[in-house]
1. Give the distance, in whole Å, between the Cα centre of the range 275-309 and the Cα centre of the range 608-623.
2. Over the range 287-350, with every protein chain in place, what whole percent of the accessible area is carbon and sulfur at 1.4 Å, could you tell me?
3. Which of Gln325, Pro350, Val336 sits closest to the plus end of the dipole of the range 271-360, meaning its Cα is farthest towards the positive end, when Lys and Arg get +1 and Asp and Glu get -1 on the C-beta?
4. Mind listing the phi-derived Karplus ³J(HN,Hα) values for the range 102-112, rounded to whole Hz, using 6.51, -1.76 and 1.60 with θ = phi - 60°, and x for any glycine or proline?
5. Nearest 20 debye, what's the magnitude of the dipole of the range 624-764 about its Cα centre given +1 on Lys and Arg Cβ and -1 on Asp and Glu Cβ?
6. If the reach is capped at under 12 angstrom between alpha carbons, list the aspartates and glutamates near Lys402, excluding any in the same chain fewer than eight residues apart.
7. Simple spin-label model, 7 Å along Cα-to-Cβ: Lys243 to Ala787 in nm?
8. Once amide H atoms are placed 1.01 Å from N in the peptide plane, what residues at a sequence separation of 5 or more from Asp206, or on another chain, have their amide H within under 5 Å of its amide H?
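The values are calculated or read from the model by the stated rules, or taken from the named source; none is laboratory data. Predicted model, so just to flag it, every value in this text is computed and none were measured. We place every Cβ from the backbone using ideal geometry, glycine too, and count neighbours over all the protein chains shown. Accessible surface areas use protein heavy atoms only, side chains included; no ligands, DNA or RNA. Shrake-Rupley method; radii C 1.70, N 1.55, O 1.52, S 1.80 Å.
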Amino acid sequence: MDEQQPQPPKWAVRFFSWYCRNELREPILGDLEERYASYLEQHSKLRANWYYWMDVFRFINRFTLKRKASSSQLIPQLMLKNYAIVAFRNFARNKTFTGINIIGLSVSMAVCLLLILMINDQMSYDDFHANRDNTYRVYHKSDDMELDLPLATTPLPLGEKLKYDFTGLKDVVRFRRGVQGEIIDNGKAIGINGLFTDPEFFDLFDFELRLGNKESALTAPYSIVLKSEIAEKLFQDENPLGKTLDIEELGQFTITGVLDQFPGKSHMSFEALASFSTVRGLEQQEVLTPLLNDWSKTSSAWVYFRMEGGDETDALKNYLTQLAQENYDETSEFRVDFYLQKMADITPGPLMGNQIGQAMPFFFVYGLVLLAFLIMVCSAFNYANLTMARALTRFKEVGIRKVMGSTRPQLIVQFVVEAIIVCLLSLALAIGLLMLLIPAFEALTLSSLLSWKLEPNAEVYFQFLLFSLGTGLITGILPALYLSAAQPIRALKGDRIPKLSRLNMRKSLIVVQLVISIVLITSSALVYRQIKFMVEKDYGFAQDNIVNIDLQGQDYALFRAELDELSFVSAVSGTNNIPSIGRHFNEKVKHLPTDEAIDYNYFAVDEDYIDNLELKLIAGRNFTPNQPEEREIILNEAAVESFGFGSIENAIGQNLILEDSTTVNVVGVVQDYNFMMLYMEIKPLLLRYYPEDFSIAQVKLSGGNNIESIITLEEVWDTFDPNHDFEYKYFNEEIAEFYGFFYDIVYIIGLISILSASIAAMGLFGIATYSIQTRLKEVGIRKILGASSSSIVYMLGKGFMILILISSVIGGALSYFGNQAWLDLFAYRVNFGLDVLGIAFLFISVIGALTIGFQALRATATNPSEILRNE
């Protein structure tokens, strides 16, 4: 028979039980009891010894200290799990509100995620360069420019000064324009566009060579390095190293390297790099304009370098100031100041001219951030509205929780967790919508012009997650503070919080949502009308049935002789530019030898240009055909005024002196026409008889079948120039395409407007649903007392329609002042009329009437006995 085991004293058992309940709590108790039983078995011989019990309690103490740490980790996990369970139960009980919130947030987040991708794309420029933050370039400002706009270029001698005369710089690299021309390959001309640069290019920048040696690739004169795309285009699978390229006018270059694919986006744009040691020889041969010692030419070179001593640039800034003072004194035509810019700040960065490639201004990124902010504000307000609309039922929940011991911080966390879960669910749906948005956005003209590359990766998805969590935190904090402030007694009675109730929080949020929607709707309507106005406006010249053919360096007179033989060609004229699409050429001109020369816009034209474009010659005559040299000029009205001739009649016969000292005689005056972009006023213009500068043949077709005419023109071109492809555009389509870039802006703003209005409509729907549900008893009583359905609908919808009216007044005022600011930038613009506000008001009113009216009619159709049977 087994020996009876001694039992511990009762007081010890009671103390042990109390200790477990208060120190370890129930989740730990079972585990500890098992450890205690094991301990008793191991120490059976000491059971009768009082020191045994002291040992037991020492064990409990040690075990408790270890378990306390794990308990402190476990309790928050259990709380978060509980918060999540409660959140999903609330979602299940309120499927309509939850669905509205998730749909509204997911659509908004999809657009915001797209904007995040766009911002990431722009912020990724040049991030593959190891010394990106310590690499600088010099840019300048000049008082000779019409626009107060800094230029990224510098005079070429500045680079030599920094390279050889200033210590403290490392890897000074100069770039010069001029590597451009055509290469004949298999009977076809392939254009190439590149830069001259120093051998230190590969030391300063982290561009890799697929073929060739970086140390010597740009050292010898007439060496050239090609981008991989142009090398594959010219040589397919052959190894191009050591082969020669005969570039039109520049001569033969030896291929010494092929660049690898860029590891990321670069602000520099080029197809080839030629050795800078080639420049001096080409300038001496007068193939290139001499710039090596010319401080007056500031638009053809760039200078980059690395600071040896980190960011200590004070000495360099002083040196640049000294150079500016030495080379631009009181006798100079203009003043230049030099500045430094980090490569990391180029794109996105400040707006500059003469960029070496693509450089997105920072204000564009700010605009994207603003759009994302507006979208998420609408969604956040929508969530806050719907959450506080359900405040009455949640108040009772809050009251019960507080009675059971919950603190206000715990309740705040509960409601914030609910908002975060909603945002995470919305994020999953938003990513799916994003995959549909990316192809649509990349198809836009804006996207192709800016070379957007929208490819989500692990880092971007992590940003999406942070964005979603942040949105949940911001979206949920206001309802959390609102609901958690309830007093238990008031909450259980169903009372609202007096302070917040008086503030009319929900109404204010609805008004803000509607105001944003109205501003966006009116803005998109105005942008569309302004662009449509610019495209369809009478520019003052003919566009219909005119085809602009790119001459691609061919002789205009010979090609025109071919065109004159075609029966469907009614007129042909030559020029160097297409009016109204932003490009222009300048020439310094003065009236008298003692006058100061001033820059004037000019077009190179022939004697048929005025008739072909149907310009109105209001004084004098047209050009004399077949002039042996340039000696006649025609002005527009603005030029007559600028030269101070008094009247157009007095201008005829006056002489003007061009920059090369050529004297020309004013033989005619044309009526002003819009040769610049339509946001600019008409400026002085000179029409010069200058066939050497022609690059475009403008062919007017007689009408009929234009498709057959184009086919015939292409056949004529292929016979005339088999080396170049036939490149043409209809005049009116070319102008529409140029301004069509702005239609993408309308598309984006319109999309956001519809999105904002839709979110506001969902908010109205949710608020109306809840508000009308809380007044069902009143509706039942009124119906029993004989109220008509129309009067009840009016009663239920009156308050909401007042909110829409208030929103329209505020939104209309903000739209007027905000849109007037950008409309005033245009010399030719549409007016902000009441019709624009009427469209926005009608749109919002229809949405509100449908949303609220549907719920109100539903309420009036309810049987009063079903509503009141529980009273």
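1. Centre-to-centre (Cα) distance: 42 Å.
2. It is 42 percent, rounded to a whole number.
3. Towards the positive end, the residue furthest out is Pro350.
4. 5, 5, x, 5, 5, 5, 5, 5, 4, 5, 5
5. I would put it at about 600 debye.
6. none
7. Each label point lies 7 Å from its Cα, and together they span 8.7 nm.
8. Answer set, sorted by chain and number: Ala130.
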